[in-house]
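Below is one structure, written out as structure tokens, with a few remarks after it.
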Amino acid sequence: MFIIDFDDTLFDTQEFKQAMVKSLESVGVSRKLFWQTYIEARMLVDGSLSYSFERHARILEKQGFDYNEILRNFNLINIKNFLFLDAIDFLESLKKMDQDLYLLSLGDEFFQKLKVGQCNIEKYFKKVFFLSKNKELAVKEILDENSDSNIFFINDKIEENLKIKNDFPEIEIILRQSSNIPDEEYKSSGIIYFQNLTEIKKYVTDKLK
């Protein structure tokens, strides 16, 4: 059984953000202003992080930009192009091994559903969780419903993985390296990590033989 994160694990979130920056260049939004307003757009009043195109467009509207034009440019981005190139092969390989797959997607529910839906990957998963905060409750729910002895959790974020490892020692934790996290942090985490999904596929295939 596999519990798999979406952003920066199956989906190239960092390149997607760069495409968002470029999409607003034609309407006069500078890179500096984009990132300033992006940070504001993803921070909710309760301190949690949850981004959406609509929230970002509203903030830029206060800076004098046209809300509909901003939103239109964002929506021209072809989201499915940012699924990692080896993601489909990875998911199909796991399904061929007769494994149940669960997807965890953290953030604004509508926005995360938009990204996952356009990537057309829901069909590979037994269940998809769209989460506003931590992933631990979803993991607990999955474990309560399953008795599988081989359970893998694949994610890019070191702190999240360390918490899952501590709370659920029966799960094997695997880090999928993200381009925005230094290699040294992965090395010092003490958790096995790989640069891409193809490497992870080989590792788990050998483990499940």
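The values are calculated or read from the model by the stated rules, or taken from the named source; none is laboratory data. Source: prediction; values computed, not measured. Reconstructed Cβ throughout: ideal geometry from the backbone, glycine too, with neighbour counts over all protein chains shown.
The table below lists the values:
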{"quantity": "Any pair with Cβ under 7 angstrom, 6 or more apart, that starts in the stretch 1-30 at a residue that is farther than 16 Å from residue 154 by Cα and not assigned by TED's automatic domain parsing to the domain that holds residue 106 and ends at one that is of a type in the set (Val, Ile, Thr) and surrounded by fewer than 20 Cβ atoms within 10 Å (Cβ to Cβ)", "calculated": "19/77; 20/77; 23/77"}
{"quantity": "Breaking point among (1) within 20 Å of residue 7 (Cα to Cα); (2) in contact with a Ser or Thr (Cβ under 9 Å, 6 or more places away or on another chain); (3) of a type outside the set (Ser, Thr, Tyr); (4) surrounded by fewer than 17 Cβ atoms within 10 Å (Cβ to Cβ), for residue 97", "calculated": "(1)"}
{"quantity": "Hits in the stretch 175-209 - residues which are closer than 15 Å to residue 155 by Cβ and β-branched (Val, Ile, Thr)", "calculated": "181, 191, 192, 200, 204"}
{"quantity": "Single unsatisfied condition, residue 4 versus (1) in a strand (DSSP E or B); (2) closer than 16 Å to residue 57 by Cβ", "calculated": "(2)"}
{"quantity": "Single residue of 139, 128 found to be of a type in the set (A, V, I, L, M), under 15 Å from residue 4 (Cβ atoms), touching a residue at least 60 places away in the same chain (Cβ under 8 Å) and not assigned by TED's automatic domain parsing to the domain that holds residue 43", "calculated": "139"}
{"quantity": "Residue, nearest to residue 17 (Cα to Cα), within the stretch 44-72, restricted to residues that are in contact with a Phe, Trp or Tyr (Cβ under 6 Å, 6 or more places away or on another chain), surrounded by 18 or more Cβ atoms within 10 Å (Cβ to Cβ) and not polar (S, T, N, Q)", "calculated": "53"}
{"quantity": "Matching residues, the stretch 162-209, being more than 24 Å from residue 92 (Cα to Cα) and buried (at least 19 other Cβ atoms within 10 Å of the Cβ)", "calculated": "164, 186"}
{"quantity": "Single unsatisfied condition, residue 47 versus (1) in a loop (DSSP other than H, G, I, E, B); (2) more than 19 Å from the chain's Cα centre (by Cα); (3) in contact (Cβ under 8 Å) with a residue 40 or more places away in the chain", "calculated": "(3)"}
{"quantity": "Matching option when the condition is β-branched (Val, Ile, Thr), modelled with pLDDT under 95 and under 26 Å from residue 81 (Cβ atoms), among 142, 181, 154", "calculated": "181"}
{"quantity": "Helices (runs of 4 or more DSSP H) completely within the stretch 80-185 that count 2 or more residues being over 23 Å from residue 48 (Cα atoms), in contact with a strand residue (DSSP E or B) (Cβ under 8 Å, 6 or more places away or on another chain) and among the aliphatic types (A, V, I, L, M)", "calculated": "87-96"}
{"quantity": "Only one of 57, 41 that is under 22 Å from residue 28 (Cβ atoms), in contact with a His (Cβ under 6 Å, 6 or more places away or on another chain) and either in a helix (DSSP H, G or I) or not assigned by TED's automatic domain parsing to the domain that holds residue 25 (or both)", "calculated": "41"}
{"quantity": "Output for the stretch 85-125, where each listed residue is closer than 25 Å to residue 150 by Cα and of a type in the set (Phe, Trp, Tyr)", "calculated": "90, 102, 124, 125"}
